[in-house]
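Novice: Dumping the structure here so I can ask a few things about it.
The values are calculated or read from the model by the stated rules, or taken from the named source; none is laboratory data. Because the structure is a prediction, the values reported are computed rather than measured. With ideal geometry, Cβ positions are generated from the backbone for all residues, glycine too; neighbour counts draw on all protein chains shown.
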Amino acid sequence: MGFKVVPYIVESEKIPENMDGYRMAVLADLHDCAVGKENQRLLSALRQEQPDGLLVAGDMITEHMGRLSSWLAYRQARALLLELAQDFPVYYAMGNHETRWKKERDGHTYTFERYRRELEAAGVVFLDNLSAVLGNGRQGIRVTGLELPLLYYRKGLRIPKLTGAAIRKLAGPADEEHFQILLAHTPQFFQAYADWGADLVLAGHFHGGLIRLPLVGGLVSTYYRPFPRYDRGRFQKGERQMIVSAGLGTHTIPLRLNNPPELLMLTFRHRG
Ligand SMILES: [Fe+2]
């Protein structure tokens, strides 16, 4: 399977001059798969790129639908993140699978709480409706990780409406002064993210539409809807933008056709 590092330039007058050239890698939807044996291809790509840090847009693991599981079910993601945390600052926002795992409490020998504690001890910062400032005391860029209730991931025709006000209730207000990133996992609600005040939304979840057709793009979303609008790439609403990753792995339907796993490399630019 191919693997691509996809570069993006993110330019804004809200990005301070002293953050010009700052680089962040974005990982999404690994689903406990491996890119190269034991994720060596992914690790070596990151070591070569040398970003200033990593943003995780959720679903690094696959929740096991109530089946009992041990740490082995999460070992690829766990090992990768523990190793990456030695070299880079890592900010980890939740996908629907992390949220589901959090809620599974019975019988599992390896719980989300344990996973979280292990990663936190290694330096990973969890952003479950929490925010952090990037840039080590420089004026900074703010990143908020949105954790949505699971009803927003329901499949089929009745996807509930999400508003900017509902996001404010979950994750607090957006930062008006700094460049505000929202790690949102599902790209479905771009309008609400923009209304909330995100300058840049980073999402995944749709896995590029599983199968990509020439000219048409992604075939199906993880809501099981055909031809999703936000399948992969960059989308714009005025000054607000959203970049959607096609993700790194697969689950349930182990299929990626014409749709290689991708790692996003963002370079931030101050627009004077
Ligand atoms: Fe997802």
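Novice: Over 24 Å from Gly140 (Cβ atoms) and either within 16 Å of the ligand (Cβ to nearest atom) or modelled with pLDDT of 95 or more (or both): does that describe Tyr230?
Specialist: Considered against the rule, which asks whether it is over 24 Å from Gly140 (Cβ atoms) and either within 16 Å of the ligand (Cβ to nearest atom) or modelled with pLDDT of 95 or more (or both), Tyr230 comes out as yes.
Novice: Just name the residue that is nearest to the chain's Cα centre (by Cα) out of those in segment 36-87 that are of a type in the set (Asp, Glu) and in a loop (DSSP other than H, G, I, E, B).
Specialist: Looking at the filtered set, the residue picked out is Asp59.
Novice: Out of the residues in segment 32-54 that are over 15 Å from Val5 (Cβ atoms) and modelled with pLDDT of 95 or more, which is farthest from the ligand (Cβ to nearest atom)?
Specialist: Top of the filtered list is Asp52.
Novice: If you don't mind, there's one more thing I want to ask. Output the residues belonging to segment 169-206 that are of a type in the set (A, V, I, L, M) and in a helix (DSSP H, G or I).
Specialist: Selection gives Leu170, Ala171, Ala192, Ala194.
Novice: Quick check: is even one residue across segment 145-158 touching a strand residue (DSSP E or B) at 6+ places or on another chain (Cβ under 9 Å), modelled with pLDDT of 95 or more, of a type outside the set (Lys, Arg) and away from the ligand (no atom under 16 Å from the Cβ)?
Specialist: No, segment 145-158 has no match at all.
Novice: Conditions first: (1) in a loop (DSSP other than H, G, I, E, B); (2) touching a Phe, Trp or Tyr at 6+ places or on another chain (Cβ under 8 Å); (3) surrounded by 15 or more Cβ atoms within 10 Å (Cβ to Cβ). Asp29 passes all but one, so which condition is the exception?
Specialist: If we test Asp29 against (1) in a loop (DSSP other than H, G, I, E, B); (2) touching a Phe, Trp or Tyr at 6+ places or on another chain (Cβ under 8 Å); (3) surrounded by 15 or more Cβ atoms within 10 Å (Cβ to Cβ), just (2) comes out false.
Novice: Collect the residues in segment 42-98 that are within 16 Å of His185 (Cβ to Cβ), of a type outside the set (A, V, I, L, M) and without any contact (Cβ under 8 Å) to a residue 60 or more places away in the chain, keeping them in residue-number order.
Specialist: If the condition is that a residue be within 16 Å of His185 (Cβ to Cβ), of a type outside the set (A, V, I, L, M) and without any contact (Cβ under 8 Å) to a residue 60 or more places away in the chain, then Glu63, Tyr92, Glu98 are the ones that fit.
Novice: Name the residue that is surrounded by the fewest Cβ atoms within 10 Å (Cβ to Cβ), counting only residues in segment 91-122 that are in a loop (DSSP other than H, G, I, E, B) and polar (S, T, N, Q).
Specialist: So, considering only residues that are in a loop (DSSP other than H, G, I, E, B) and polar (S, T, N, Q), the one surrounded by the fewest Cβ atoms within 10 Å (Cβ to Cβ) is Thr109.
Novice: Find the residue count for segment 143-173, including only residues that are touching a Leu at 6+ places or on another chain (Cβ under 8 Å) and aliphatic (A, V, I, L, M).
Specialist: Adding up the residues that qualify gives 7.
Novice: Right, next: So which residues in segment 159-175 are surrounded by fewer than 19 Cβ atoms within 10 Å (Cβ to Cβ) and within 16 Å of the ligand (Cβ to nearest atom), if there are any at all?
Specialist: Ile159, the sole residue that qualifies.
Novice: Among the numbered conditions (1) on the phi > 0 side of the Ramachandran plot; (2) modelled with pLDDT of 95 or more, tell me where Asp29 comes up short.
Specialist: Every condition holds for Asp29 apart from (2).
Novice: Mind listing just one residue for me: the one in segment 175-206 that is without any contact (Cβ under 8 Å) to a residue 60 or more places away in the chain and aliphatic (A, V, I, L, M) and, of those, farthest from Arg234 (Cα to Cα)?
Specialist: This residue is Ala192.
Novice: Within 16 Å of the ligand (Cβ to nearest atom), farther than 22 Å from Ser131 by Cα and either in contact with a strand residue (DSSP E or B) (Cβ under 8 Å, 6 or more places away or on another chain) or not hydrophobic (A, V, I, L, M, F, W, C) (or both): does that describe Glu63?
Specialist: Answer is yes for this residue.
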